[in-house]
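Let me begin by presenting the structure, written as structure tokens, before commenting on it.
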Amino acid sequence: MPIFRAFMTRPYLVAIGAAILLSLGFPIIGLWPFLIPGLALYFLNAAYPGRSRRQTWWSGLVTGVIVEFLVYYQGLSHLQILPGAETFSHLARLSPPVLALAFGTVFGATAVLYQALRTRSPLLCALGGASLYTAGEMLAQQISQGYYWASLAHPFAAFAPALTIASLGGAFLVSFCVAWVAALAAEYFLRGRAALPAAAATALLLFLLWAAAAGLQGGGPQTGSLTVVSVQVGDPKDIFAGSAGPFIGGAAKALLAAAGTSGADLVIYPQSLTSGALYEGAPYVGLVRGEPVVAPLSAAGPWLKTLVAPESIALVWPGVYNTADNRFYEAFEFYKDGASVAEYRKQLLFPFTDYYPPWMRALGLVARGDTLTPGPPVAYTQVGPWRIGALDCSELNRPELARQEARASALLLSMGSDTPFNNGLPPQYSLAAARYRAAENHIPVLRVALGGPSAIINRDGSLGPILPAGQSGLLEGTITLYQNQQTVYNRLGSLPLGLCMFVIIASALVVRLRRKP
């Protein structure tokens, strides 16, 4: 203990220690229990007696910069070069230090506010720390358009009670609870036995929160089932090996043929069937969004008919260029016996991948100004007898869309690709996000990606059959469908959590103001 107390007198050394523990908890290492002691050390560093506001700011900043740099280096620095956006791609690779500084300032500001709002109540201090940290995470999530890879919640997808609690307040409620426990651990170190009543109250409140979430998850009646099989190709070089034309060949075609004769209700190839975009309308030869237009959309159905049994519905994910309207869509195309039976076009667009703002072209950061065209707003996609809520790639990280689609659907289908990144963090984050969309809305989710990981996710967020990233094969399973049931989070979103956080912070502020002479 004397050694630890001597360690605590060096705020910047403590900041580095907190960053190391936190970094162990995030992917790719993924030792998620380390997030709690790491965050506890961060709070303790801010609350330790004798810390000046300046020391608190800079030590919080140091912790945040180290953590954010390591996390974003594992993603953005491994981004592939995007056609037509080479300059932007290189800048994105170099961006982790900038993002680390930007998000690190949130850590610094949170630490200073936590220090300033501390009261004599260990419980109120812990709740205040959790509220401030979660508010910072909400801000970071908004800035990053849903891709805040340092979210506390996503590593905790491996912890079943966290997924249960998400049905009440979503992933942010999980982050709040993790930060609450960590801040309370810091209070215990500072106050000793005086913090035990707060610890007992926290344990009771967290148990009641979990029990309430579990009690409200009583499932509705089963309405049917859906058998699915999805293709996953571990090595991108296998996709067009042995191809004699624009359509896939080699191992990828063989896997699709095996899936097509499996007898499954839904057969999925989670990518375009061709080496480029498809067109509808007049024939077109050229590039659109940096990729060649190689075949008519009308050719996809007949080609699929040769591989997929007529009783199965086949799903593919091409880019489609409408030559008449000069518009480019990203679409889920559903076929049965070679004929189109349903289509979903991506509704919510993501900057820098789905479109590039005009200023980027003006500055020469991208050489193209084309953009995806958003599809019409829909609450579900009718595919045969099934209502499916579609989440196209980055839409997975838009919880509000998942809430909307889950209200009218029996299944959420998340199809995406993390192949632009040559590292394992983005795929892990996407799988965790899919698990939260299931748990938040108490609905099964089918997450498929050509490079993986692909998984059938139960409505409580637990994993069913799964194919790890980089592995070739078929994901096969049966999804049990239930009558739609709206969770608290599905109805209200993060509003109750936000109100609670506001009341906690306001209460701490009032207590602090009353203590002033």
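The values are calculated or read from the model by the stated rules, or taken from the named source; none is laboratory data. Model, not experiment: these values are computed from the prediction. Cβ atoms come from the backbone with ideal geometry, glycine included; neighbour counts cover every protein chain shown. Accessible surface is based on the protein model in full, side chains and every heavy atom, while ligands, DNA and RNA are left aside. Shrake-Rupley method; radii C 1.70, N 1.55, O 1.52, S 1.80 Å.
Overview of values
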quantity: Rounded tilt (10° steps) of 399-408 against the dominant C-alpha axis of the chain; calculated: 60
quantity: Fraction of the pair-distance distribution of the range 29-89 above 16 Å, Cα-Cα pairs, percent; calculated: 61
quantity: Dimensionless Rg/Rh of the chain - Kirkwood Rh, Rg from C-alpha atoms; calculated: 1.01
quantity: Charge dipole magnitude, Cβ of K and R +1, D and E -1 - the chain, Cα centre, debye nearest 20; calculated: 2480
quantity: In order through the range 486-494: 3J(HN,Hα) via Karplus (6.51 cos²θ - 1.76 cosθ + 1.60), integer Hz, x for Gly, Pro; calculated: 8, 7, 4, 5, 4, 7, 10, x, 8
quantity: Debye intensity ratio I(q)/I(0), log10, the range 347-404, q values 0.26, 0.29 Å⁻¹ (C-alpha model); calculated: -1.05, -1.17
quantity: Per residue convex hull volume, Cα atoms of the range 282-414, in Å³; calculated: 117
quantity: Projected area averaged over orientations for the range 82-177, convex hull of C-alpha atoms, nm²; calculated: 8.0
quantity: Extreme residue, positive dipole direction of the chain, given options L209, A15, V65 (C-beta unit charges); calculated: A15
quantity: In sequence order, calculated HN-Hα J values of the range 58-65 (Karplus, 6.51, -1.76, 1.60; Hz; x Gly/Pro); calculated: 5, 5, x, 4, 4, 4, x, 5
quantity: Evaluated at q = 0.17, 0.19, 0.25 Å⁻¹: base-10 log I(q)/I(0), Debye formula over Cα of the range 175-260; calculated: -0.79, -0.89, -1.15
quantity: Translational D in µm²/s for the range 406-517 (Stokes-Einstein at 25 °C, 0.890 mPa s, Kirkwood Rh from C-alpha pairs); calculated: 150
quantity: Charge dipole (debye, nearest 20) of the range 149-297; +1 at Cβ of Lys and Arg, -1 at Cβ of Asp and Glu; calculated: 400
quantity: Rounded to whole Hz, the Karplus (6.51, -1.76, 1.60) HN-Hα couplings of the range 276-284, x for glycine and proline; calculated: x, 7, 9, 10, 10, x, 5, x, 9
quantity: Folded to 0 to 90 degrees: helix 160-191 orientation relative to the chain principal axis, Cα; calculated: 20
quantity: Nearest 10 degrees, 0 to 90: helix 122-143 Cα axis against the chain principal axis; calculated: 30
quantity: Cα extents of the range 244-342 along the three principal axes, largest first (Å); calculated: 38, 27, 18
quantity: All-pairs Cα distance distribution in the range 377-425, expressed in whole percent, bin size 5 Å; calculated: 5, 22, 27, 20, 11, 8, 6, 1
quantity: Mean projected area in nm² (Cα convex hull; one quarter of hull surface) for the range 222-298; calculated: 7.3
quantity: Mean accessible surface per residue for the range 88-195, computed with a 1.4 Å probe while every protein chain stays in place, in Å²; calculated: 33
